[in-house]
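Here the structure comes first, spelled out in structure tokens, and everything after it is commentary.
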Amino acid sequence: MAPSPPSQQAKPPSSPSATPRGGGLVDALKQIRLEAGRITWPTRAQIWGNTVVVVVMVTLVSLGILLVDNLFFGLIWLLTDALPKQLMH
């Protein structure tokens, strides 16, 4: 395959020194500000609703863990406390 004419060849990437110092940072900050403006932020009611859901779920899961913990504690207590007394008689 024949090489393409010089006008159609890809140009090498420009060197980092070709851009002014800090120019990339300024462009990046402008892009961040532009993207932040496109965000659909939740309303105060949505935030409160989600907060209530999280608090309720954390409370329910905590109570469930407490229940299971107490059941295991009771079972272990029964097994360890009751078995030695039965074996001694």
Worksheet entry | Residues of segment 30-55 satisfying the condition of being of a type outside the set (S, T, N, Q), assigned to a helix (DSSP H, G or I) and open to solvent by less than 100 Å² (accessible area, probe 1.4 Å) | L34, E35, A36, G37, A45, I47, G49, V52, V53, V54, V55
Practice prompt. Determine, yes or no, whether V26 is at pLDDT 95 or above, more than 25 Å from the chain's Cα centre (by Cα), open to solvent by less than 90 Å² (accessible area, probe 1.4 Å) and among the aliphatic types (A, V, I, L, M).
Written response: no
Fill in: Flag if R21 is open to solvent by 100 Å² or more (accessible area, probe 1.4 Å) and at pLDDT below 90
yes
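The values are calculated or read from the model by the stated rules, or taken from the named source; none is laboratory data. Note that the coordinates shown come from a computational prediction; the quantities given were computed from them, not determined experimentally. To get the accessible areas, we keep the full protein, side chains included, count just its heavy atoms, and leave off ligands, DNA and RNA. Shrake-Rupley method; radii C 1.70, N 1.55, O 1.52, S 1.80 Å.
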